[in-house]
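The values are calculated or read from the model by the stated rules, or taken from the named source; none is laboratory data. In this text, all values refer to a predicted model and were calculated from it rather than measured experimentally. A quick note on method: Cβ atoms are made from the backbone with ideal geometry, for glycine too, and the neighbour counts reach across all protein chains shown.
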Amino acid sequence: MRTQIMVLSFYLVDVLFMVAFAEHGLLPALAPVVYGAAGCGLTGLFAVVVRMGLHRRMGGARFTTVQLVTACSLMLVTAAVVPQIGMLLLLTMMVAVATAALQLPLKHVLAVSGLVATCSLALLMAHGDRFGMPLEDRWSRLLSGLWFAVVLGKIAAINLIGVEMRKALSASNARLALALTQVRELSERDELTGLKNRRSILALLTEEGARFARGGQAFGLALLDIDHFKRVNDRLGHAAGDDVLRVFAKIVTGNLRGTDHFARYGGEEFLLLLPNTLDAPAAVLAAERLRRVVDEHPWTDLAADLKVTCSIGVTVSHAGEGVAEMLERADAALYRAKSDGRNIVCAE
């Protein structure tokens with residue numbers, strides 16, 4: 001609707017100049033009346049179409065093209081009838097094409113430009129001897145100069161449309177970037193615990209392995225499994241089990257180094273990536289600290305007589321091996337920790 005109001009204002013300005021030329025005897029008195037009635041009537045019709053939402057059915061590009069073609073047709077017909085202001089009308093028509101070009105696909109712009117160029121050529125061939133702008137006296141030169149200045153002003157108004165479009169595009173891009181970030185975050189996070197999920201941690205593990213293969217520092221890997229978790233679900237229900245998983249994740253996360261990565265690996269099993277961990281004793285020390293923190297946590301705050309511990313299997317990177325082999329060793333260490341009585345740390 002703002003565009004329709006702007007188009008209407010453009011028509012009214014043109015009509016005022018035509019009235020001034022008519023008052024000076026340079027145009028028929030009926031010319032500004034017919035041009036103004038046609039321009040305002042067409043704009044009003046298009047405004048009704050927009051208000052009713054019918055332009056969406058047509059498609060934005062098709063609607064704008066139709067309005068542009070009607071406006072250019074009106075100006076070309078008027079230039080043919082009163083060729084003495086034909087050059088001013090052609091300049092005005094160029095502004096209309098440039099305005100629409102901001103919103104139209106290239107093929108639409110080329111089609112309309114080709115049509116306008118063909119009609120303009122025919123018009124110049126037919127009325128070229130009388131085609132121009134009134135410059136006979138000071139008054140006509142003043143009006144022609146002012147009309148030309150208004151044409152330049154319309155170009156400045158086009159820039160305002162461009163600014164709004166750039167702002168809208170920038171806002172749209174910002175919303176899209178935020179949505180992509182949220183989607184990426186959702187795809188990389190476990191919904192229950194808020195930790196990284198299996199796919200995300202395996203990607204980080206692969207990156208760390210590749211860095212180590214290129215000569216980077218060794219790193220550690222730990223698999224943590226909550227002991228007898230099924231008993232928690234069976235005795236207290238799955239809601240309490242979910243609470244245990246959330247609290248467990250929070251406890252471990254709160255006791256990690258800034259460089260460590262912790263993820264829910266599946267079910268009650270978690271994976272801890274320990275960058276810059278040079279040997280097994282260092283990995284065991286980090287894991288033992290986490291095991292102790294979990295063991296000493298007041299789990300009775302969640303449920304009476306609740307006690308939660310975890311078993312941990314750790315390993316460190318070896319030259320010439322892949323991530324799969326490292327995971328197998330950590331899993332073997334975890335299996336041994338659970339076989340040896342649980343609530344302990346074992347290394348492979």
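Assess whether residue 126 counts as being part of a helix (DSSP H, G or I), modelled with pLDDT of 85 or more and under 30 Å from residue 21 (Cα atoms).
Here the answer is no, as residue 126 does not meet what is asked.
Checking the structure you have, find out if any residue of the range 296-304 is in contact (Cβ under 8 Å) with a residue 60 or more places away in the chain and touching a strand residue (DSSP E or B) at 6+ places or on another chain (Cβ under 7 Å).
no
Out of all the residues in the range 82-137, which are of a type in the set (Val, Ile, Thr) and touching a residue at least 24 places away in the same chain (Cβ under 8 Å)?
82, 85, 92, 95, 97, 99, 112, 116
Mind checking whether some residue in the range 92-107 is surrounded by 20 or more Cβ atoms within 10 Å (Cβ to Cβ) and either outside the structural domain of residue 148 (by TED's automatic domain parsing) or at pLDDT 85 or above (or both)?
Yes, the range 92-107 has at least one match.
When you scan the range 168-205, how many residues do you find that are at pLDDT below 80 and under 30 Å from residue 94 (Cβ atoms)?
Counting residues in the range 168-205 that are at pLDDT below 80 and under 30 Å from residue 94 (Cβ atoms) gives 2.
Restricting to the range 211-227, name every residue that is touching a helix residue (DSSP H, G or I) at 6+ places or on another chain (Cβ under 9 Å) and either at positive phi or not in a loop (DSSP other than H, G, I, E, B) (or both).
Scanning the range 211-227 gives 220, 221, 222, 223, 224, 225, 226.
Tally the residues that are of a type in the set (Asp, Glu) and surrounded by 19 or more Cβ atoms within 10 Å (Cβ to Cβ), restricting the search to the range 10-33.
1
Tell me the residue from 184, 141, 231 that is outside the structural domain of residue 18 (by TED's automatic domain parsing), part of a helix (DSSP H, G or I) and over 36 Å from the mean Cα position of the chain (by Cα), please.
231
Which pairs turn up if I take residues in the range 53-70 that are closer than 21 Å to residue 39 by Cβ and look for partners that are among the polar types (S, T, N, Q) with beta carbon separation below 7 Å, at least 6 apart in sequence or on another chain?
Correct list of pairs: 64/103.
Which count do you get for residues in the range 253-299 that are among the hydroxyl-bearing types (Ser, Thr, Tyr) and under 19 Å from residue 218 (Cβ atoms)?
2
Between a first residue in the range 203-229 that is within 30 Å of residue 306 (Cβ to Cβ) and a second residue that is aromatic (Phe, Trp, Tyr) and outside any helix (DSSP H, G or I), which pairs have beta carbons less than 6 Å apart while being 6 or more apart in sequence or on different chains?
Partner pairs satisfying both residue conditions: 224/270.
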